[in-house]
1. Can you list the aspartates and glutamates whose alpha carbon sits under 12 Å from that of LYS100, skipping same-chain ones fewer than 8 residues off?
2. What nm value, rounded to one decimal, do you get for the distance between VAL327 and ASN83 when each label is placed 7 Å out toward the C-beta?
3. Which listed residue (LEU361, ASN257, ILE119) has the Cα farthest towards the positive end of the charge dipole for the chain, taking +1 on Lys and Arg C-beta and -1 on Asp and Glu C-beta about the Cα centre?
4. Using a 10 angstrom Cβ neighbour count of at most 16 plus a DSSP loop assignment to flag exposed GluC sites (Glu not before Pro), which longest range of the chain is free of such sites?
5. What's the longest piece of the chain with no exposed chymotrypsin sites (Phe, Trp or Tyr not before Pro), counting a site as exposed if DSSP puts it in a loop and it has at most 16 other beta carbons within 10 Å?
6. In terms of Cα to Cα distance under 17 Å, which aspartates and glutamates are near enough to LYS421, apart from those fewer than 8 places away along the same chain?
7. Run lengths n ≥ 4 of DSSP H only: what is the helix-derived mean residue ellipticity at 222 nm for the chain, with -39500 (n - 2.57) per run over all residues, to the nearest 500?
8. If you place +1 on the Cβ of every Lys and Arg and -1 on the Cβ of every Asp and Glu, how big does the dipole about the Cα centre of the chain come out, in debye to the nearest 20?
Amino acid sequence: MTRENAKLNRRAFLAGTTLFLSGTAANAQMKIADLRGSIDSVDLGLIPNAADDQTAQFQNAVNRAVERGRALFLPAGTYPVANLRLPSGTLIVGVPGRTKLVYQGGGGQLIRAEGVNNIGLTGITFDGANRSIGDFTEGLLHFIGVRNVTLDNCEIAGSSKTGLVLDRCSGRVDNCRISGAAEAGLRSNEATGLAITGNTVTDCANGGIWVHRWREGEDGTIVSGNRVERIGARYGGTGQFGNGINVFRAHGVMISNNRVADCAFSAIRSNTGSNVQIIGNSCLRSGEVAIYSEFGFQGAVISNNIVDGGTTGISIANFMDGGRMAVCSGNLVRNISEDGPYPPEVDGFGMGIVAEADTTLTGNVIEGAPKFGMLLGWGPYLRNIAASQNVIRDCGTGIAVTVVDGAGSAIITNNIIQGSKSGAINGYRWLEKATGELNDASRFPNLTVSGNQIAA
């Protein structure tokens, strides 16, 4: 070997090493495909930018690549296809932003995989072209009972239903962009070990990221580092739709470090989700309650979130239906509005933080809630609330606590309340003020009120 050849080989080795150590996930995946001896789809008769439908050629290319145990590489270009089925071991690698599969309609869907293992899709754009999807499915891409499905650096756009549906799947969806879905961007049902991380979900008509179960149970999905913006509520309602991140009947879900903005209803809404963690999220300009833990949940940690805008900042509610046990700490809540997306019901709008049962509220900062900075309990539904060391500024009533007969215990201590327009700490019977200032609450043996600093 000549000295020049040795230098070239050394450079090539170093370049490959750099790619593995510091390159993007997509580049690393493409390098892996190259090392495995990927098959170029053109060699199997699949033509980029062909005018005619390429479904048969594409399915053949996928099947041949899987049979040979190789990745299928798709050069840049547009591929008109529909109703593709992915077998176990499928690995398809495209050129990010330049390899596009365009759904051809006809009452079907773009991609389906069912009861298979180890599916990998990297660097591909899936364009639904807003064409009709069949009644047998709810998504442009639909994975059912797939163990270890991976979507990385892909784009899903223009679905006439949900963009991506994962039923009883494990795996991960990373660094993908989902937009323009007529229903939700991404929906998981009964996950078996799923991570949804680093994605951007925007401009979807009914929901952003949904983590659901058909029946209540342990789920454990991780939803972290996503950007979710401009989510509508096409089907209306009072919160079933229009949420950025929505948990329903799924226990043990972790929702952390997401940026969620401009949702018609909640930025983050957990309904009957026990042991949910909602930590370190930015929730901006929500149309209703920004962060909701509601109905029959037991166990929620809601900490270190920023809420700027919404009709209520944080609601930990529905003790009547078994909703209980939470830690709500270190949150910043501001710029709350009394104007909601539907006529006010029950306790209405305009509150900073609401809680009912077995909950600590500590170290929160609330500013600009026109009705209540904090609302503790509702009618007789109050039990074991501790509100301590919170800062509450420029609200209607600083802290409102229920004094309806039959209500349980609450401790209100060592808070700073400034600029309350209708009272600092007052007792309420539902929405009717029932007391003056509760300086010592001696008339109500279930209440302890002490050590609070009140300023004009």
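No value in this document is a laboratory result; all are computed from the given coordinates. What you see is a predicted model, and the numbers here were worked out from it, not measured in a lab. Ideal geometry is used to build each Cβ from the backbone, glycine not excepted, and the neighbour counts take in all protein chains shown.
1. Counting by Cα, and skipping residues close in sequence, LYS100 has these aspartates and glutamates nearby: ASP127, GLU155.
2. Here the answer is 5.3 nm between the modelled labels.
3. With unit charges placed on the Cβ atoms, the residue in question is ILE119.
4. In the chain, the maximal stretch lacking such sites is 1-337.
5. Between the exposed loop sites, the longest stretch runs 236-429.
6. The reachable aspartates and glutamates, counting only those whose Cα sits under 17 Å from LYS421, are GLU338, GLU367, ASP394, GLU432, GLU437.
7. Calculated from helices alone, the mean residue ellipticity at 222 nm is -3000 deg cm²/dmol.
8. 1360 debye
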